[in-house]
Every structure is written in C-alpha cells, then in structure tokens.
Amino acid sequence: MFLLVKWNMTPRPSRNGLARTLCAVLLLGALGNGTFAQEPAPQHAHVVTPLADLLQEAEKDNPQIEAARQGWQAAKQVSTQVSTLPDPQFTLQHLSVGSPRPFAGYTNSDFAYIGLGVTQDIPYPGKLKLRGEIAKREADVSQQQVESVRRAVLADVKASYFQLAYLSKTLAILESDGDLLKQVEQAADARYRSGMGTQQDVLQTQLQKTKLVREIAMHHLEVGKLEARLKQFVNRPQDSPDIEPADLTETPLLQSYDELLSSARAQNPELAASQKMIEKQSLQVHLARKDFYPDFNVQYMWQRTDPMQFRAYYMLSFGVRAPIYRSRKQKPELVQAQSEELRARSELEVQSQQVASELRAQYVVAQQTTELLKIHREGLAPQARSAFQSGLAAYQSNKQNFQAVLTSFLDVLHFDEEYWQNLGEYETAVARLEQLTGLSLHEEGAK
C-alpha cells in the first residue's frame with residue numbers, strides 16, 4: 001500500500017487537509033478487516049540507494065554537466081587561435097610576353113619572368129595578446145558555468161531525493177501508529193455492537209475510503225514523477241529499477257549566516273563568472289583603443305628573368321592599413337566596449353544581491369524549520385498522543401462522541417507526517433545552501 005502526500009514547500013493547510021483525509025480512510029480499513037498494521041510495504045523490499053551514490057553518479061553521467069564541460073573544453077582552444085599571427089599568403093607569379101601560354105619561357109621577351117612571394121599581415125603590437133587574454137577570460141566564464149551547472153544538478157538530485165524519502169516515510173508513519181488504529185477499531189466496534197454507534201460514522205468512513213482510492217492513484221503518480229526525475233539526473237534508463245531512498249536525518253547547521261555569506265562570495269560560481277566577465281570586458285576596452293592604431297602588411301618577392309642575361313630581383317614591400325573611418329568604426333567600437341563593461345559591473349551587483357537574498361531566504365527556512373522540528377518533537381507530538389489517549393478513554397466511557405476521537409487520532413498522524421515534511425524541507429534548504437556556498441554541509445554535519 002502506498003500513501004500519497006503531495007510535496008509542498010508552502011505552509012501546510014488546516015487539520016482538515018490531506019493527512020486527516022487519508023488517516024480517516026485507514027481507520028475505515030482497520031474497522032473493516034484489521035489488516036492495515038500487518039500489510040507489508042513493498043518499497044522496503046528494495047535495496048536502499050544512498051544519496052552519496054546518486055550524487056557521484058550524476059556528477060559522472062549527467063549529460064547537462066557533460067555538455068557544460070565540453071563547452072569549457074571548446075572555449076579553452078580559442079586563446080591560441082586568436083593570439084596567433086594571421087596565416088601568411090604565398091604567391092606565384094609569371095609574366096610572359098607574346099604568348100598566352102603559361103610559363104612560355106624567357107625566349108619570347110626580355111621582360112618575361114617568374115616570381116615567388118610571401119605576404120604576412122601584422123596587427124599593431126599588443127592586439128594579439130589582448131585577444132588571447134579576452135579568450136582566456138571567456139574560457140574562465142565557461143569553467144564557472146560548469147561548476148554552476150554541476151551544483152544546480154546536484155542540488156536538484158538532493159531535493160528530489162529528500163522529497164521521495166518524505167513520501168516513502170508517510171507509510172512508515174502509519175505503520176508505527178498501528179496500535180492507535182487498533183485501539184480506535186476496538187472502541188468503535190464495541191460502541192457499534194452495543195447500539196450506541198451511529199450510521200453517520202459508517203457513512204463517513206465509506207466516503208473517506210473512496211477518497212483513499214483517489215489519493216493512492218495520485219501517490220503513484222507523484223512517486224513515478226520523482227523516480228523519472230531522479231533517473232534523468234543520473235542518466236539511468238527509465239525502465240531501470242526504482243530508487244529506494246534512505247530515511248531522513250536532520251543535518252546540524254553549524255555555520256552562521258555571515259560565515260555562509262562569506263563562503264558564497266568567495267566560492268559562488270555565478271559571482272566568479274560575473275567577475276571574469278568584467279575582466280573580459282575591461283580587456284575589450286583596451287583592445288578597442290588599440291584599434292585606433294594601424295595594422296601592417298609585409299611582402300617579400302623573388303623574381304627571376306633570363307638567368308643567362310639578368311640577375312634575380314628581390315623586392316620587399318611594407319604596407320599600412322590606416323583606420324581613417326574612426327568616427328564610424330573605432331569610436332563606436334570603443335563606446336560599445338565601455339558600455340559592455342559597465343553592464344558587466346551592474347550584473348555583478350545584481351548577482352551579488354540575488355545570491356545574498358537567496359542565501360538569507362534558505363538560511364531562514366533552515367533556522368525556522370529547526371524550531372518547528374523541536375516543537376513537534378517536544379510539544380505537538382506528545383501532546384497529541386496524550387489528547388488521543390484521553391479522548392479514547394472518554395469515548396469508551398460514552399462521555400465523548402466518535403468525531404472527537406477521530407479528530408484527536410488524526411491530529412496524531414497529522415503531526416507525525418508534518419514532522420517528516422518539515423524535515424524534508426529543512427534538508428532541501430541545507431542542499432540549496434550548499435549550492436550557493438560550495439560547502440559540504442551534510443558531510444560536516446555528519447562529522
């Protein structure tokens with residue numbers, strides 16, 4: 001049997017929500033055949049897959065990470081290309097007089113000759129080096145993008161894994177509360193046999209049973225989506241065995257917000273990429289200024305006429321490509337480069353604010369959820385169980401109606417289920433903090 005409880009990062013609804021509905025259905029099953037507590041859980045029969053194994057598998061096989069890596073490898077090859085002199089141009093010349101045939105020879109005219117030459121374009125000093133440095137910064141940006149994609153994929157793996165672990169834990173919660181179901185079953189059965197039970201209780205349980213059929217189908221849908229998502233992240237075939245998550249455990253968060261923010265500023269790949277982009281655009285400004293200076297061209301030519309009558313000719317030519325259209329080319333190019341640099345600096349500021357905001361939000365979620373978990377453990381859970389036991393005793397003594405007992409019983413299951421949901425949200429927040437800061441908070445917490 002599976003139980004569906006939808007994963008939702010928003011605050012939970014009132015007690016009349018999903019947990020109450022499902023628990024009422026389970027109460028009907030206990031009243032009908034008393035077999036719920038003994039029903040096996042199919043997912044526990046599978047081998048548990050540790051989260052660390054999935055993370056290693058995703059980092060190795062995820063195609064999105066691999067695509068980013070290959071993009072970085074491609075970007076690293078650009079620097080040497082753009083910082084190298086243009087390819088030289090080799091020239092073969094022949095001049096014949098009185099005959100259209102190529103290489104007609106020197107007998108037709110004293111002016112006939114054959115020549116060999118080479119031409120080399122030479123950019124103004126410093127341009128090639130700047131182009132190479134710009135390409136290196138572009139490769140650095142690609143490298144940071146690899147890290148950004150890697151962290152995002154691993155964070156998504158963790159979030160999906162914690163979500164799946166939460167859904168799997170809902171069944172274990174009901175199994176652990178089987179004794180409470182038995183107590184309710186015995187009390188309701190005794191009241192019904194004595195004639196003190198009402199038909200409304202029976203009709204209500206039948207309605208909840210119908211709802212259970214719908215929720216079970218939705219549960220399979222949600223679990224199937226999560227399984228497909230996880231298999232996509234680790235690049236497994238979709239028809240491969242399902243992934244069985246380990247139980248959720250609370251990871252201590254030992255760092256303060258200031259410590260986390262300092263790590264994010266030093267290690268966040270988005271911030272590092274923005275900084276590299278500023279450096280690139282600054283070099284682009286220098287290159288735009290260099291374009292105000294001319295480029296050069298050198299040509300060397302060897303010519304040979306009749307070797308019996310004349311000596312060979314040697315000719316060296318030097319050309320200059322003058323930037324005479326500065327107002328239409330070089331000046332707009334410089335303004336464009338300066339504007340791009342300013343834009344890159346603004347984007348760094350925006351990125352810094354976004355990282356700080358997201359870090360603060362996730363830190364608050366982790367801190368507040370820690371308090372909620374403590375309240376559940378030390379307050380809500382024991383108080384709900386005490387209220388249930390007291391209400392059940394009153395119900396058995398005919399001092400309380402069935403609806404009140406059902407409400408207190410649903411409170412027990414609701415708070416148990418909510419505890420694990422909060423724990424899943426807490427672990428997801430810690431995973432997002434790891435993504436932003438580059439720290440291994442789960443490993444540090446385990447130590």
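The values are calculated or read from the model by the stated rules, or taken from the named source; none is laboratory data. Computed from a prediction, not measured in an experiment: that's the story for all the values here. Please note: Cβ atoms are built from the backbone with ideal geometry, for glycine as well, and neighbour counts cover all protein chains shown. Protein only, heavy atoms only, side chains kept; ligands, DNA and RNA dropped before computing areas. Shrake-Rupley method; radii C 1.70, N 1.55, O 1.52, S 1.80 Å.
Among the helices (runs of 4 or more DSSP H) contained in segment 342-447, which hold 2 or more residues that are β-branched (Val, Ile, Thr) and surrounded by 21 or more Cβ atoms within 10 Å (Cβ to Cβ)?
It comes to 402-437.
Output the residues belonging to segment 268-293 that are among the charged types (D, E, K, R) and either at positive phi or open to solvent by less than 80 Å² (accessible area, probe 1.4 Å) (or both).
GLU270, LYS276, GLU279, LYS280, LYS290, ASP291
When SER240 is evaluated against the numbered criteria (1) open to solvent by less than 30 Å² (accessible area, probe 1.4 Å); (2) in contact (Cβ under 8 Å) with a residue 40 or more places away in the chain, which criterion, by number, is the only one it fails?
Status for SER240: all satisfied but (2).
Can you pull out the residues in segment 147-167 that are open to solvent by 20 Å² or more (accessible area, probe 1.4 Å) and over 8 Å from the mean Cα position of the chain (by Cα)?
Passing the criteria: GLU147, LYS158, GLN163.
Considering only residues that are more than 30 Å from THR170 (Cα to Cα) and surrounded by 13 or more Cβ atoms within 10 Å (Cβ to Cβ), which ones fall in segment 247-267?
Those that are more than 30 Å from THR170 (Cα to Cα) and surrounded by 13 or more Cβ atoms within 10 Å (Cβ to Cβ): GLN255, TYR257, LEU260, LEU261, SER262, SER263, ALA264, ARG265, GLN267.
Out of VAL335, VAL412, VAL365, I need the residue that is within 30 Å of LEU271 (Cβ to Cβ) and in contact with an Asp or Glu (Cβ under 9 Å, 6 or more places away or on another chain). Which one?
VAL365
Which of the residues belonging to segment 344-373 are under 20 Å from GLU279 (Cβ atoms) and free of Cβ contacts under 8 Å to residues at least 40 places away in the same chain?
SER346, GLU349, VAL350
Which members of segment 140-165 meet the condition of being under 22 Å from ALA273 (Cβ atoms) and either free of Cβ contacts under 8 Å to residues at least 24 places away in the same chain or among the hydroxyl-bearing types (Ser, Thr, Tyr) (or both)?
SER142, SER148
Do we have ALA337 as surrounded by 19 or more Cβ atoms within 10 Å (Cβ to Cβ), farther than 24 Å from LEU253 by Cβ and modelled with pLDDT of 85 or more here?
Yes: the conditions hold for ALA337.
Being more than 60 Å from the chain's Cα centre (by Cα), open to solvent by 70 Å² or more (accessible area, probe 1.4 Å) and at pLDDT 70 or above is the filter; apply it to segment 103-121 and report the residue that is farthest from GLY319 (Cα to Cα).
The qualifying residue farthest from GLY319 (Cα to Cα) is ASP110.
Can you name every residue in segment 68-97 that is touching a residue at least 40 places away in the same chain (Cβ under 8 Å), open to solvent by 60 Å² or more (accessible area, probe 1.4 Å) and under 26 Å from PRO237 (Cβ atoms)?
ARG69
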